[in-house]
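Please read the structure below before turning to the comments.
The values are calculated or read from the model by the stated rules, or taken from the named source; none is laboratory data. Just so we're clear, the structure is a prediction, and the values are computed from it rather than from any experiment. Accessible surface areas use protein heavy atoms only, side chains included; no ligands, DNA or RNA. Shrake-Rupley method; radii C 1.70, N 1.55, O 1.52, S 1.80 Å.
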Amino acid sequence: MRLLLVEDEPDIQSFLKSSLSEAGYQVEAAADGKSASQLAVDGQFDILIVDLGLPDQDGISLILKLRQLGVSAPVLILSARRSVDDRVRGLEQGGDDYLTKPFALAELLARLRNLLKRNSPPGSEATRLRVLDLELDLLRREATRAGQLLQLTPQEFVLLEYLCRNAGRVVTRSMILDQVWGMRIQPDTNVVDVHIYRLRGKVDGLGQQPLIRTLRGVGYVLKDR
Ligand code: CA
């Protein structure tokens with residue numbers, strides 16, 4: 001089970017990292033929201049633990065952002081904020097469970113097990129994305145169109161995954177730069193256009209019905225019908 005731990009307090013982070021590894025989780029840790037989003041998008045996690053007080057952003061905004069990015073794994077909020085308002089807000093905005101600090105490790109482990117049990121559809125769609133005849137296997141990082149394997153670079157796969165998760169919706173260049181490259185490059189860069197061009201050659205090659213549409217001056221949309 002892959003677990004992403006987002007916690008900026010070094011002592012708690014290292015304590016949790018070792019206890020959770022001992023409990024059998026494959027743990028990756030981040031100490032701020034930005035690196036957490038990057039990790040969550042690049043790696044497939046089965047479950048996340050998110051602290052609310054992060055140095056660069058609020059944990060709630062981070063969870064909302066991850067949900068927008070298509071991260072569907074259950075999130076356990078771990079926070080020193082104990083008020084009913086905070087808990088309700090956390091649960092309403094994408095958290096699946098809420099545990100307050102200080103906490104007992106045994107309780108944390110029990111809650112993680114519960115969340116995983118609740119969220120494990122066997123043969124699950126969480127590992128696959130499908131848009132028309134385009135299919136992405138998120139575990140093997142392979143994409144096929146009409147059953148034909150596409151030869152994508154890792155970066156092209158991430159880009160295609162982002163388009164698939166937003167199928168039918170317009171994504172702008174700056175959204176792609178931010179979400180796929182994880183940073184803001186100068187707006188006059190053509191890195192997105194170059195990658196889309198190559199990706200389109202692979203996805204829409206061989207006389208197939210084009211799926212990747214360009215909206216001039218706006219961005220791109222992956223057709224879903
Ligand atoms: Ca904190």
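Summary of computed values
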| item | result |
| --- | --- |
| The chain: relative contact order as a whole-number percent, Cα under 8 Å and 6+ apart | 13 percent |
| Accessible area of the chain divided out per residue, in Å², using a probe of 1.4 angstrom | 52 Å² |
| Segment Lys202-Arg216, extension gain: residue separation times 0.36 nm, minus the distance between their alpha carbons | 2.9 nm |
| 3J(HN,Hα) from dihedral phi, region 163-179, Karplus parametrisation 6.51/-1.76/1.60, rounded to Hz, x for glycine, proline | 4, 5, 5, 10, 3, x, 10, 7, 10, 8, 4, 6, 4, 5, 4, 5, 7 |
| Rounded percent of accessible protein surface that carbon and sulfur make up, region 127-222, 1.4 Å probe | 51 percent |
| Share, in percent, of DSSP beta bridges within the chain that are antiparallel, nearest 5 | 55 percent |
| Extension gain, Lys223 back to Ala110 (0.36 nm per residue minus Cα-Cα distance, nm) | 36.5 nm |
| Max mean-square fluctuation residue, GNM over the chain, Cα-Cα springs under 10 Å, options Gly95, Gly53, Gly168 | Gly168 |
| Calculated [θ] (222 nm, deg cm²/dmol) that DSSP helices of n ≥ 4 give over the chain, each run adding -39,500 (n - 2.57) | -12000 deg cm²/dmol |
| In order through region 94-109: 3J(HN,Hα) via Karplus (6.51 cos²θ - 1.76 cosθ + 1.60), integer Hz, x for Gly, Pro | x, x, 9, 7, 9, 10, 9, 8, x, 10, 9, 4, 4, 5, 4, 4 |
